[in-house]
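The values are calculated or read from the model by the stated rules, or taken from the named source; none is laboratory data. Please read these numbers as outputs of a predicted model, since none were measured by experiment. Cβ: placed from backbone, ideal geometry, glycine included. Neighbour counts: every protein chain shown.
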Amino acid sequence: MKKHKFITGAAALSAAMLASACGSDEASSSDQSLGEELDYTITGIEPGAGLTGLSKNALEDYSNLEGWELEESSTASMLIALEDAIDNEEPLVITGWTPHWMFSAYDLKFLEDPKESLGGPENIQTITRLGLEEDMPEAFKILDAFEWELEDLQSVMYAGQDIPFEEAGQNWIDENQDKVAQWTEDVEPVDGEKIELVSTPWDSERASSSVLKPILEAQGYDVTVTAVDPAVMFEAIATGGADASIAPWLPATHAAFYEKHEEDMLDLGPNLTGGQNGIAVPAYMDIDSIEDLEPKE
Ligand code: PBE
């Protein structure tokens, strides 16, 4: 699996600088506590991610995380730090989630989260702007029917690490004509009508977009998919600037945005179940719970 295909030089460079600044080549770790070794830092992702908000809640909720910090950067930098730690069998605490290929590429475990700061099982859900059903009934039928399994999304997401997502999505469509037929049952073709989808930049959502877009195009739609921060995505749907999204993670990840805009959008329910967020560590680390992290003295 080519893990770094989409990582830019700048991101790689800043992550390398972060890694060296974090003291990975400090002297013997045996005389240091885990917290000291990690500089009391949880390696996080983008500031705008729902997961970042949940992780900040965890820092508040757990008294043993007194003195710990969440380092916000990007998914690409977090993944480089993770690969680096695993290559050297060093400790690292990250904010992680599934579905993501990190759990198939590496042996990771979520730390137990007895306070459920990071939520429980997550769905990926479909939302539309108000009035879409009246304005674009055929697209609405597809969006309403669109629902797939974790294995489907994962197969597109894994393929997307080696080939362009457009190709991975089209291959999945070619191999899953029965599911596509269900989603497009009784749908009348349209003539180049424009539809604007909003999504987020993570690989799970690049995968789902790469499948939905050509399906709508095959029905005659002119489809735009724009990847934005979750806050912007909900805002766009609520204001009618965009038509629909299949990218919201709920009930916990995007709860803050959902609650803000609930009245101004339509929720079509889960298109996928079986997601999970958490604080994660390489499996070789001998801690099992967020509560095993010791407070800064
Ligand atoms: N994630 C993956 C995103 C949604 C998809 C869990 C990193 C987030 O907003 O946190």
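Filter the range 194-214 down to residues that are more than 16 Å from the ligand (Cβ to nearest atom), surrounded by fewer than 20 Cβ atoms within 10 Å (Cβ to Cβ) and of a type outside the set (Lys, Arg), then give me how many there are. So the count comes out to 2.
Residue 231 meets the stated requirement of being farther than 24 Å from residue 158 by Cβ and either in a helix (DSSP H, G or I) or at pLDDT 95 or above (or both).
Sub-7 Å Cβ pairs linking a first residue in the range 269-297 that is within 13 Å of the ligand (Cβ to nearest atom) to a second residue that is among the basic types (Lys, Arg), at least 6 apart or interchain, are 280/109, ordered by first then second residue. Residue 236 meets each of the listed conditions (1) farther than 23 Å from residue 259 by Cβ; (2) crowded, with 18+ Cβ neighbours inside 10 Å apart from (1).
Of the listed requirements (1) within 16 Å of the ligand (Cβ to nearest atom); (2) part of a loop (DSSP other than H, G, I, E, B), residue 220 misses just one: (1).
Residues of the range 223-241 that are farther than 16 Å from residue 267 by Cβ and hydrophobic (A, V, I, L, M, F, W, C): 223, 225, 227, 228, 231, 232.
Just one residue in the set 168, 145 is within 19 Å of residue 272 (Cβ to Cβ) and touching an Asp or Glu at 6+ places or on another chain (Cβ under 8 Å); that residue is 145.
State whether one or more residues within the range 246-266 are touching a helix residue (DSSP H, G or I) at 6+ places or on another chain (Cβ under 8 Å), more than 16 Å from the ligand (Cβ to nearest atom) and closer than 26 Å to residue 100 by Cα. Checking the range 246-266: not a single residue is touching a helix residue (DSSP H, G or I) at 6+ places or on another chain (Cβ under 8 Å), more than 16 Å from the ligand (Cβ to nearest atom) and closer than 26 Å to residue 100 by Cα.
One line per residue, one yes/no per condition, for (1) modelled with pLDDT of 95 or more; (2) more than 17 Å from the chain's Cα centre (by Cα); (3) small (Gly, Ala, Ser):
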{"site": "238", "(1), (2), (3)": "yes, yes, yes"}
{"site": "245", "(1), (2), (3)": "yes, no, yes"}
{"site": "258", "(1), (2), (3)": "yes, no, no"}
{"site": "295", "(1), (2), (3)": "yes, yes, no"}
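Taken over the range 234-254, the criterion of being of a type in the set (S, T, N, Q) and assigned to a helix (DSSP H, G or I) is satisfied by 239 alone. Residues in the range 39-64 that are crowded, with 21+ Cβ neighbours inside 10 Å, farther than 17 Å from residue 119 by Cβ and either among the small types (Gly, Ala, Ser) or more than 16 Å from the ligand (Cβ to nearest atom) (or both): none.
Yes/no matrix, rows are residues, columns are (1) more than 13 Å from the ligand (Cβ to nearest atom); (2) without any contact (Cβ under 8 Å) to a residue 24 or more places away in the chain; (3) buried (at least 20 other Cβ atoms within 10 Å of the Cβ); (4) closer than 23 Å to residue 175 by Cα:
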{"position": "80", "(1), (2), (3), (4)": "yes, no, yes, no"}
{"position": "88", "(1), (2), (3), (4)": "yes, no, no, no"}
{"position": "91", "(1), (2), (3), (4)": "yes, no, no, no"}
{"position": "96", "(1), (2), (3), (4)": "no, no, yes, no"}
{"position": "111", "(1), (2), (3), (4)": "yes, no, yes, no"}
{"position": "120", "(1), (2), (3), (4)": "yes, no, no, no"}
{"position": "128", "(1), (2), (3), (4)": "yes, no, yes, no"}
